[in-house]
Amino acid sequence: MASVALRSVRKSFGPVDVIRGIDLDVADGEFVAIVGPSGCGKSTLLRMIAGLTDLTAGDVSIDGVSMLDVPASKRGIAIVFQSYALYPHMTAGRNIGFALETAGIAKAAIREKVTRIAAMLKIDHLLDRRPRELSGGQRQRVAIGRALVREPKVFLFDEPLSNLDADLRTEMRVEIARLHDELKATMIYVTHDQVEATTLADRIVILKDGHVEQIGTPKELYCRPANRFVAGFIGSPRMNFASVGSGGLALPIGSEPVAAIGVRPEAVVVQPRPGDLSARGRLVRVEDLGHEQLLYVALESGAANALPWTVRLAAGQPVPPPNEPVALGWSPAAMHRFDAEGRRIGGAAS
Amino acid sequence: MIGYRAQRRIRGAALSFALVLVVVYTIFPYYWAIVSSFRTGQQMFDVSLVPSFNLAHYRALLGDTVFVGSLWNSVIVASSTTVISLALALGAAYALGRLSFPQRRLILMGVLVISMFPQVVVLTGMFELVRWFGLYNRVGSLIFAYLIFTLPFTIWVLTSFIQEFPRELEEAAIMDGCSHWRILTRILLPLMGPAMASTGLLAFIAAWNEFLFALTFILTDDSRTVPVAIGLISGSSRYEFPFGPVMAASVIVTVPLIALVLIFQRKIVAGLTSGAVKG
Amino acid sequence: MSSRLAARERRAAWQFLAPCMAALTLVALWPLGRTLYFSLTDATLDDPANFDLIGLQNYIDIATDPDWWNAVGNTLFFTAVSVAIETVFGLGVALLLNTAIPGRGVLRAAILIPWSIPVVVSAKIWQWMLHDQFGILNRILIDLGLVEHGIAWVAEPGLVMWVVIFVDVWITTPFMVLLILAGLQMIPAEIHEAALVDGVPWWKRFWSITLPMLRPAIGVAVLFRALDAVRMFDLSYILAGNGVRTMTISIYARNQLFGVQEVGLGSAASTWVFFLVGIVAVIIIATVRIDKRSAG
């Protein structure tokens, strides 16, 4: 069990700054997800924690001890890789036990431990198979087993589910959550999928272009995004945005220089209620998902290239006629406001 | 007006005809060598394409201690050169393909330039070295000298093979506590069987076929390798055509080679082209 | 404070490289240096310990030797003609192998035979096939009534270079085929299918799709082959010995060294070979680069 701390961590490859100064504290036993679009530096960050990549500046410490001079294998860390990175020429069992083998541990002890871990991951019947004879999900379990066998203080996951199809992804997500509950280990989980992050993590770090946009619990990020980027990144379907000042939007005059507003799809209604703010638009498309319907409405005030607003409508609710004008409404409390730099203004929205 | 289908049929026939022509062009000379190797005396002048199975030349060659000796020399030279090249190049390829250090590109370029060296350029200096080491007129001189063309090539091909392994595999091994040496010997090497086989085979063929050094550094029959031995076969008299024995010797020397090449066809092509594609 | 890993990696890299670099220095750089050094001396083979530095005299002697220029002419002619034929022929066979016709597996295997057998063997086989009296080629020509007497292919001064080129084409076209075929197989089939659906005729598909996309592969193949051709020794030597008509620069250099036993002169000639190979390499690489740039 361990806490992890990053202090002003930087990384440059030549003239390119990949990580531009990151501070992060991960508490003992915490599950932290690092999320961001591809190329934001999240995998590099993970590799620096693991000791696979040098830091250009800053410090990484575990339990208060600086790890800069500690080689990767001695940091008490294990990684589960996106491609699983199983050794193709070894059986699943030997893959799991290879770290112990390298450390020179007796064969019998290795076998005992591998068997125990395999049972825990429900792959004990697969130990004699080679990776290519295993399915994606089974490979994933072997990769997790390989991480478990070293009894690490910290688990790192590098997009572990992105090579799996949708069904398996859900299954493995539950599996990882169960593992975290059982082991109470510190886990740092890198993903580009905000659903994985919000369902698994205690706290989420949103990364963009090598710096942190926001750190917080999933609830905080959802309800109080620090800026437009976070607001748009977390939540599916994504938040609706509209620029202010292009005219047509009925907003109460405030003292703050509001440049844009955002409203989550579930907070928008098709008929404005009394006290609601509202906007007029035209229904361009309806998607019936069975349990709900998604309405896409192009705002009258929106620029030609602005994305249409999404409105969630419960199944069975009447849908307005297509291509007809509609009025959208939302409560002022549900509205997020952003300034010209995209920063959040005020504390509203629940 | 010719229909689409007829057009296609004509095209197919033309292509098949071209294919047969090319196959005959590539195979016939070798086939004719085999046919001729079974003929003696007046039969040599027969133009019939059907071989008789007269083993006289083969018996004579395999009973000839000098020829068998040179065959054996070739085996020793080619396999030693191959093993030494692979062993030396494997480490270098790992460093060049996987580790990052400032002079990496420079060394890769250097290796490429050395592979373009004409053999005569090093002939003087190599001759001197061979004499210094006391290897003149010994098989060892060739094992040593052949490294100049097998090494750059093996380094180049193995490097490009090593670069194809996913980096995560190595990172996983580092997390498991492996040193670079252990990564190379326990993780990469077991996976490099096919790469080693194709590279080694190409090095073996190059060493087996070499002529210039073998002609220059070896003086007497007992240390000679087969290419030079074949080049020097002559009839017992001025009026006898040595082509029968020469063809038989050629077949003996090439049959194992061709068997290997046909068995490892795909691997050889992979090795040959992977070296070139990165160039 | 940074780059602890990087420093460790550098150290490890040199440890892995060291044996190989030592070997390459010994077999390549050292002999090269010695050759360059000897080229400035008047050393001879029978008394290699006694020699004087004579500056660039050997280079001047070589440059004023008509035999040398004859060898240069032969070599460049051989290189240009054989590589050109091999490229066109190799491209044709590669295209043939790339179509789905029955029997191409046989050809793909067969093509490895000329490439894999020793040059001596190929030379001897063709010497026998081209023999003036009993060679099968002459017999066929006589039987067909095309000629009255067998042609002395190798003995005829005007023909012998063409025989060398012909045999070289037989030996090395497979190499061209394999490299070009690898290039062909990297062109996605969708591109051709798209052009086919668009109704682009085959010659236009070849000219404006296949050929431009093959350029890098052909460039590399030509480079490899040309460098081999410029330093060619064995084929000429076996087919025609020290014959004037086919003497290449490598044969000339070796002849100075071990025939005339003039180590200094031979080393200078070898160094000339080295320069010539370098120039050809630079020209071809530059051409390929320019091609690449103009191709976008």
Filtering segment C:84-121 down to residues that are open to solvent by 10 Å² or more (accessible area, probe 1.4 Å), among the aliphatic types (A, V, I, L, M) and within 7 Å of chain B (Cβ to nearest Cβ) yields C:L96, C:I101, C:V106, C:A109, C:I113, C:V119
Within segment A:127-170, residues open to solvent by 50 Å² or more (accessible area, probe 1.4 Å) and part of a loop (DSSP other than H, G, I, E, B) come out as A:D128, A:R129, A:R130, A:S135, A:R150, A:E151, A:K153, A:N163, A:D165
Here the qualifying pairs (Cβ atoms under 6 Å; residues six or more apart or on different chains; first in segment A:1-18 and closer than 15 Å to A:V65 by Cα; second in a strand (DSSP E or B) and open to solvent by 100 Å² or more (accessible area, probe 1.4 Å)) come out as none
Restricting attention to segment B:46-72, report how many residues are within 22 Å of C:G135 (Cβ to Cβ) and exposed (fewer than 14 other Cβ atoms within 10 Å of the Cβ). 5
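Here is a yes/no grid of residues against (1) surrounded by fewer than 17 Cβ atoms within 10 Å (Cβ to Cβ); (2) modelled with pLDDT under 90:
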site: B:R167; (1), (2): yes, no
site: B:M175; (1), (2): no, no
site: B:T185; (1), (2): yes, no
site: B:A206; (1), (2): no, no
site: B:L257; (1), (2): no, yes
Subset of segment A:54-101, residues without any contact (Cβ under 8 Å) to a residue 24 or more places away in the chain and assigned to a helix (DSSP H, G or I), comes to A:A72, A:K74, A:R94, A:E101
Expected output for segment B:39-50 (first residue facing chain C (nearest Cβ under 10 Å), partner polar (S, T, N, Q) and surrounded by 10 or more Cβ atoms within 10 Å (Cβ to Cβ), Cβ below 9 Å, 6+ apart or cross-chain) is B:M44/B:S36; B:F45/C:Q133; B:D46/B:S52
Would you check which residues across segment B:51-84 are part of a loop (DSSP other than H, G, I, E, B) and without any contact (Cβ under 8 Å) to a residue 12 or more places away in the chain and list them? B:D64
For segment A:199-212, indicate whether the set of residues that are part of a helix (DSSP H, G or I) and free of Cβ contacts under 8 Å to residues at least 40 places away in the same chain is non-empty. yes
Among the candidates B:A87, B:A92, which residue alone is more than 7 Å from every other protein chain (Cβ to nearest Cβ) and assigned to a helix (DSSP H, G or I)? B:A87
Do we have C:D52 as without any contact (Cβ under 8 Å) to a residue 24 or more places away in the chain and either touching a Ser or Thr at 6+ places or on another chain (Cβ under 8 Å) or surrounded by 15 or more Cβ atoms within 10 Å (Cβ to Cβ) (or both) here? yes
Among the residues of segment B:106-124, is any closer than 30 Å to A:T44 by Cβ, at the interface with another protein chain (Cβ under 9 Å from one of its Cβ atoms) and crowded, with 17+ Cβ neighbours inside 10 Å? yes
Would a scan of segment C:208-225 turn up a residue that is of a type in the set (G, A, S) and in contact (Cβ under 8 Å) with a residue 60 or more places away in the chain? yes
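Residue-by-condition table, conditions (1) more than 9 Å from every other protein chain (Cβ to nearest Cβ); (2) under 27 Å from B:V121 (Cβ atoms):
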{"site": "C:V169", "(1), (2)": "yes, yes"}
{"site": "C:L179", "(1), (2)": "no, yes"}
{"site": "C:I209", "(1), (2)": "yes, no"}
{"site": "C:A217", "(1), (2)": "no, no"}
{"site": "C:A226", "(1), (2)": "yes, yes"}
{"site": "C:R231", "(1), (2)": "no, yes"}
{"site": "C:A240", "(1), (2)": "yes, yes"}
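Residue-wise test of (1) in contact with a Gly (Cβ under 7 Å, 6 or more places away or on another chain); (2) within 13 Å of chain B (Cβ to nearest Cβ).
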site	(1), (2)
C:A23	no, yes
C:A28	no, yes
C:Y37	no, yes
C:T41	yes, yes
C:L45	no, yes
C:L56	no, no
C:A63	no, no
C:W69	no, no
C:V81	no, no
For segment C:141-164, state whether one or more residues are out of contact with any helix residue (DSSP H, G or I) (no Cβ under 6 Å at 6 or more places or on another chain), open to solvent by 50 Å² or more (accessible area, probe 1.4 Å), within 12 Å of chain B (Cβ to nearest Cβ) and not hydrophobic (A, V, I, L, M, F, W, C). yes
For segment B:16-37, the count of residues that are touching a Pro at 6+ places or on another chain (Cβ under 6 Å) and farther than 19 Å from C:W126 by Cβ equals 0
Search result, residues across segment A:37-82 that are under 28 Å from A:V230 (Cα atoms) and at the interface with chain B (Cβ under 8 Å from one of its Cβ atoms): A:R47, A:A50, A:I79, A:F81, A:Q82
Report, by residue number, each residue of segment C:55-83 that is over 20 Å from the mean Cα position of the chain (by Cα), of a type outside the set (D, E, K, R) and open to solvent by 50 Å² or more (accessible area, probe 1.4 Å). C:L56, C:Q57, C:I60, C:T64, C:P66
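The values are calculated or read from the model by the stated rules, or taken from the named source; none is laboratory data. Worth saying up front: this structure is predicted, and the values here are computed from it rather than measured. Glycine also receives a Cβ, built like all others from the backbone with ideal geometry; neighbour counts cover every protein chain displayed. Protein only, heavy atoms only, side chains kept; ligands, DNA and RNA dropped before computing areas. Shrake-Rupley method; radii C 1.70, N 1.55, O 1.52, S 1.80 Å.
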